[in-house]
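Structure record follows, encoded as structure tokens.
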Amino acid sequence: MANSTSVNSRRETVRQPFRRCVQVVCLALFVYLLFFVCWPYSAAPSADAVMDMPHQGVVPAHYARDLARKEAIPAEVFLALDPLVSVSAAIAGRIWTGALWGALAVGVLGLLIPRAFCSYICPLGTTLDMVDLCAAKLTAGKRLRERGWGSVRFAVLVAVLLGAVFGVLLSGFVAAIPVVTRGMVFILAPVQTGLLRGWHNVPPVTAGVALSIVLFLAIPTLGLVSRRFWCRYVCPSGALLSLVNLLTPRRRRVSDACVACGKCRTVCSFDAIRDDFQVDVAACTFCRACEDVCPVEAIGFSCAEFAAPRPRQADARAPRVWARRQFVGAAVAGPCSALGLRYGLGSGALPLVRPPGSLPEREFLATCVRCGECIRACPNNVLHPVGPEQGLDGLWSPRVLADWSGCEPSCNNCGQVCPTGAIRALPLTEKRAARMGLAEIDKAACLPWASGSECQLCVDECRAAQYNAIEFERIGVEVDDEGFPIEGTGVLAPVMVPERCVGCGLCQTRCYRINAKAKRLIGASAIKIHAGVGCEDRITRGSYLDLRERERRERLERGRELEESI
Amino acid sequence: MNRATSALMSTVIFSGAFMSHAGPSATPRARVERSRADVVALIEKAGRSEPEWWDSVPLDYPKTLDMTWTPPPRGSGWNTQKNIGQYLWSVINENPGRWKQGAKFMHHVAEVNKDRPDVRRQAWNSLGHIYADLLQDHARGAYWWQKGESRNMVGLADCYWRLGSKEMAVAALRHVSFDGDRYGAAIRLWADMGEPRRALALAEKTAEAGNEAPAYLSAGNVCRLYGKYDLAVEYYEKVLAVPTQGNRDWKFQKDLARAAIETIRVFETLDLAKIENGTYEGTSMSFAGPLTVSVTVAHNRIASVRVLRHKDKQYYSAITETTSKIVEQQSLRDIDATTGATVTSDAIVNATARALANAR
């Protein structure tokens, strides 16, 4: 068995041109979508890239237009195809998400070619195949001999689904595509930014990012233990597709011609061939590598019986799919971790500023798969992953860090690329009306208020973005003997107009970057975005523009009542 | 600002005098001649009707305001959330987005105080200021100033002139024998109406009465407007010669005068043929602080003039108009005559001149 290894591995690569081509194309597409389509810096302001915004006039729309132009294929398509992403998000969030169509498509594909997703489409699988090719000598034929390892992934799946039933989304930590997307976003995207836009534009590596990178790198490292370790033993997305396998009559068949040479077992990346050379239905991905290496052409993939199954050994043990102990463990672990995240380990610290158009916090956490796609598509890295210090319930979910950068007014990318609708795919007009927080001025720190010195950075920034949510008040005015103000005395100080503020944080960025960081006049930004009750409005459905219009009518009505009150 | 007259007027009207000078610089004067009767009818009709934006602007003001508009006791400090005059000065005046709301609020103040004639009159005069100086609605501005029996003759004259009646404007402006405005609003208006002699006469009178620096600066601007550069320089030099009086050092006026002299000198010697291709920067004083332009010269032509930095807020259109006129006419001299010597556009011309002077 051992001496034929290298030959077989090499033959495998040569003799599966179609599968290898599809894999390479899918991986290339995945990389293209993540590093080209989601690369926001191809947008530039232009006279054409504008739109009409109610009560704000003509506003730029270049970031939104740029993504729409490049998105012939939705940037989040692979995430939508990972069946566990949409299924678990829909259950946990009790919502319908468009990505369910992707799951359905992959499910139907799975009926035709069982687990085709794993052996053809999944970019994580392809990446691991590449690692396995490099490490072929080390890993050939290795597998974990202990009984039951193959059903760990089912236990993970059960935990994820039970967690979802309890309203907590765990799939983001373990499902294939969120894992690989996050890995690329945290490892490769900063390199792209650094090389193309300068390293000063790369956000520092936080504990949360480091944790994600370590966990991601562990996946190919486990590949040294056995090929496709992750896919064989951990991946719950694959486990979900394995359930589809049980429904389809198409499967691997072995004929009487089998000479029990064992080559098929050696070549199988998924440990899907039992000791009797029959298929472990749930594990088989229809890669057909065994068919290729069989010296006697005893292996076929079809609906009909290729030949009568002929057990080589009396292997009467129950299918390994449902190892009872693990199932029970999962049934306990899923709800426990779900409830733990929800009520125990969640920090309950200050409410975080979420991307514009995010669902209300509970639904948001229940539907956000922590894939990092929004973080990738966000110009100037306004969105940062939440670290473990904020509590585990929000780990790797996106938050606005306005000290780093404010939300670009011509951009709605985060919602467009969110696979589950945790951030709603709002049109730009809606996004500009969606309130993610409210700015608050700290008068004890603000330069004009605290020291009477001139500064209007925040006002200028807000005006340039056409929100006009910060006004002036002339303070420190001197009066003459008759009590009249003396022309030219006093300074202009900023004042919030909360009804116009959407919490984009551009003001905070300016104040922090210039007054705090560059000039060191103050310790922190004197204007900060706050989220939470009364500061944000996050609605599951319906229009933010309508909400603003309703508020406007209410103000008019209150004014009329005031007029009539005399 | 002149204390003697200010005592009679509300605080708001004063900022009006300040702004009525600066406002026109933004809008090119496409003026329609109208008869006295027409203008009177126009004012009456506008004043008695609601502006078209009336229903779309909510009445909204801090509930902490003292609606009786009682003058604050001496030394009580500045509280914009309590005193109506101070609220107007600090909040409404400073935010263009609040001007319409300010008008609505003032109507409300007049209504609330309908049994207190003094306060009501004060509210009407404030309406005159908000409509004329801020919203550039001169018919309504004139209506409320008339109704409030305002003594702001310069403001009224400016409204009449813009509405089309020089006759009414002259009649109102005749009452002004002293220009107390920091920027010489009355002197400037005479010059605008094609009466440079009367403008200079008022300037001389004002200077004699003690307000020398602003008067001479305005006189210089009048001369510059009419192309009399030698005389203009003479007046500007008079500004520089004014001695410091008490705590008034006339620095602002002197800076403007110095910049104007420099610009006129550059006019005389400017030869674009001698300036190499390149981009040059120049800075000059404007209303609220320094204004910087970047001038690009290519093939002996001024290819572009861009205002890089400035602190003036409400009169942005001077910034695009003046710069595009300089490029259009390839000269600073003609700009001076067409755009008029208002503070912002002056500052642009002056800064451009400095940039080109630096280039040589």
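The values are calculated or read from the model by the stated rules, or taken from the named source; none is laboratory data. In this text the structure is predicted, and so the values were computed from the model without any measurement. Cβ coordinates were reconstructed from backbone atoms using ideal geometry, including for glycine residues, and neighbour counts include every protein chain displayed. Ligands, DNA and RNA are excluded from the accessible area calculation, which covers all protein heavy atoms including side chains. Shrake-Rupley method; radii C 1.70, N 1.55, O 1.52, S 1.80 Å.
Before moving on, here are some points about what is shown:
- Exactly one residue out of A:Glu478, A:Glu482, A:Glu487, A:Glu471 is touching a strand residue (DSSP E or B) at 6+ places or on another chain (Cβ under 6 Å), over 18 Å from A:Ala434 (Cβ atoms) and of a type in the set (Asp, Glu): that is A:Glu471.
- Any hit, region A:523-537, residues being within 14 Å of chain B (Cβ to nearest Cβ) and either in contact with a Leu (Cβ under 8 Å, 6 or more places away or on another chain) or over 26 Å from A:Arg399 (Cα atoms) (or both): no
- Only one of the numbered conditions (1) more than 14 Å from chain A (Cβ to nearest Cβ); (2) assigned to a loop (DSSP other than H, G, I, E, B); (3) buried (at least 21 other Cβ atoms within 10 Å of the Cβ) is violated by B:Ala142, and that is (2).
- Unmet criterion (only one of (1) buried (at least 24 other Cβ atoms within 10 Å of the Cβ); (2) over 20 Å from A:Arg500 (Cβ atoms)) for A:Pro379: (1)
- Scoring A:Ile514 on the criteria (1) more than 28 Å from the chain's Cα centre (by Cα); (2) β-branched (Val, Ile, Thr); (3) buried (at least 16 other Cβ atoms within 10 Å of the Cβ) leaves a single failure, condition (3).
- Residue identified as surrounded by fewer than 17 Cβ atoms within 10 Å (Cβ to Cβ) and at pLDDT 90 or above among B:Glu268, B:Glu204: B:Glu204
- Residue under evaluation A:Glu408, criteria (1) over 19 Å from A:Gln56 (Cβ atoms); (2) surrounded by fewer than 24 Cβ atoms within 10 Å (Cβ to Cβ), criterion not met: (1)
- Unique match (being surrounded by fewer than 16 Cβ atoms within 10 Å (Cβ to Cβ), under 20 Å from A:Gly172 (Cβ atoms) and among the aliphatic types (A, V, I, L, M)) among A:Leu196, A:Leu215, A:Leu241: A:Leu215
- For region B:251-299, the tally of residues that are closer than 26 Å to B:Glu237 by Cα and small (Gly, Ala, Ser) stands at 8.
- Helices (runs of 4 or more DSSP H) completely within region A:9-96 that count 3 or more residues being without any contact (Cβ under 8 Å) to a residue 12 or more places away in the chain and over 17 Å from the mean Cα position of the chain (by Cα): A:17-32
- Entry remark, region B:104-117: residues being open to solvent by 30 Å² or more (accessible area, probe 1.4 Å) and at the interface with another protein chain (Cβ under 9 Å from one of its Cβ atoms) number 4 in total.
- Residue match in region B:159-171 (condition: buried (at least 17 other Cβ atoms within 10 Å of the Cβ), of a type in the set (S, T, N, Q) and under 30 Å from B:Ala41 (Cβ atoms)): yes
- Scan of region B:69-78 for residues that are more than 9 Å from chain A (Cβ to nearest Cβ) and either in contact (Cβ under 8 Å) with a residue 12 or more places away in the chain or of a type in the set (D, E, K, R) (or both), ordered by number: B:Trp69
- Selected residue [closer than 21 Å to A:Ile470 by Cα, open to solvent by 60 Å² or more (accessible area, probe 1.4 Å) and facing another protein chain (nearest Cβ under 10 Å)] from B:Gln86, B:Gln81, B:Gln101: B:Gln81
- Index of the failed condition, A:Leu457 passing every other in (1) crowded, with 18+ Cβ neighbours inside 10 Å; (2) touching a helix residue (DSSP H, G or I) at 6+ places or on another chain (Cβ under 7 Å); (3) away from chain B (no Cβ under 12 Å); (4) modelled with pLDDT of 95 or more: (4)
- Any chance A:Ala425 is more than 14 Å from chain B (Cβ to nearest Cβ), assigned to a helix (DSSP H, G or I) and either among the hydrophobic types (A, V, I, L, M, F, W, C) or open to solvent by 30 Å² or more (accessible area, probe 1.4 Å) (or both): no
- Verdict on B:Asp55 being open to solvent by 60 Å² or more (accessible area, probe 1.4 Å) and at the interface with chain A (Cβ under 9 Å from one of its Cβ atoms): yes
- Every residue from region A:539-561 that is facing chain B (nearest Cβ under 7 Å) and open to solvent by less than 40 Å² (accessible area, probe 1.4 Å): A:Leu556, A:Gly559
- Filter result for A:Ala283 (open to solvent by less than 20 Å² (accessible area, probe 1.4 Å), touching a residue at least 24 places away in the same chain (Cβ under 8 Å) and part of a loop (DSSP other than H, G, I, E, B)): yes
- Residues (more than 10 Å from every other protein chain (Cβ to nearest Cβ) and either open to solvent by less than 10 Å² (accessible area, probe 1.4 Å) or touching a Leu at 6+ places or on another chain (Cβ under 8 Å) (or both)) located in region A:487-501: A:Pro494, A:Met496, A:Pro498, A:Cys501
- Residue satisfying condition, being open to solvent by 60 Å² or more (accessible area, probe 1.4 Å) and at pLDDT 90 or above, within set B:Lys228, B:Lys274, B:Lys238, B:Lys251: B:Lys238
- Restricting B:Ala203, B:Ala199, B:Ala186 to residues that are within 14 Å of the chain's Cα centre (by Cα), among the aliphatic types (A, V, I, L, M) and more than 23 Å from B:Leu42 (Cα to Cα) narrows the list to B:Ala186.
- Looking across region A:476-486, just one residue is under 53 Å from the mean Cα position of the chain (by Cα) and more than 7 Å from chain B (Cβ to nearest Cβ), and that is A:Gly476.
- Residues located in region B:285-299, provided they are at pLDDT below 85 and either touching a helix residue (DSSP H, G or I) at 6+ places or on another chain (Cβ under 8 Å) or not hydrophobic (A, V, I, L, M, F, W, C) (or both): B:Met285, B:Ser286, B:Phe287, B:Gly289, B:Pro290
- As a summary of the residue check, B:Asp179 satisfies the conditions (1) more than 27 Å from B:Lys100 (Cβ to Cβ); (2) touching a Ser or Thr at 6+ places or on another chain (Cβ under 9 Å); (3) part of a helix (DSSP H, G or I) except for the one numbered (3).
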